[in-house]
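Below is one structure, written out as structure tokens, with a few remarks after it.
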Amino acid sequence: MANTERESINFKLPKTLTKALRAAARERKTTATDLVIQGLYHVLGPTPGTEISLETRLHQLETQFNQFANRQDTRQELGADDNSQQRLSLLEQKTEAIATRLAQLEGAISLLNQRSVTTSKRQSYNYHPPQQQLQAYTGENLAKRLGLSLATLELEQSTQTPKDFERWSRSRDPSSIGWRRSDNGLYHPIK
């Protein structure tokens, strides 16, 4: 690298520009003076009587490389953005379809509610639908109804009094019905 004679010149720059210049110099691990020189070479181009230092030339190549890399990144990001935009658009369309379907279902439910209110007004208030009578269950069927094994059911039945078993089975039954075992081995509902 040839030695170039230098001269000191004072410039008055805006403070924000000097702060940015110093920050850029620190980031690039160089001096503010070198950055100013690189900028002058960029603006003035080759100037007779001056040689571009190896450092300045390397910086120019680095700048060109970074610009090229940024263009590539931008192209990739645009591709990703296009893909994201397409996915977002598809998602919005699906959301609109779901919202439309939901509105249709809400309308149908509202219509059914109106019909049931009209129908219930026509019915007598004293009407009580018939209750189905439960029949006797085998031990296996009652165990399934109570959600336990046959062995557990038989153990509980044999270790408890009929009243305690009735109370215990009522607490386990989905309809809170108590059960009592008869002599024939079947379990009968107790109201």
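No lab work stands behind these numbers, since they all come straight from the coordinates. In this text the structure is predicted, and so the values were computed from the model without any measurement. Methodologically, a virtual Cβ is constructed for each residue, glycine included, from the backbone with ideal geometry; neighbour enumeration extends over all protein chains shown.
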Peptides 182-188, 101-107: what's the order by average Cβ count within 10 Å, highest mean first? 182-188, 101-107
Segments 26-39, 136-149 sorted - mean Cβ within 10 Å per residue, highest first: 136-149, 26-39
I want to check the label-to-label distance for Gln104 and Ala69. Put each point 7 Å from Cα in the C-beta direction and report it in nm to one decimal. 5.4 nm
Using amide H atoms built 1.01 Å from N in the peptide plane, name the residues 5+ places from Trp179, or on other chains, whose amide H lies under 5 Å from its own. Ser169, Arg170, Ile190
Run the simple label-point estimate for Glu5 and Arg115 please: 7 Å along Cα→C-beta, distance reported in nm. 10.4 nm
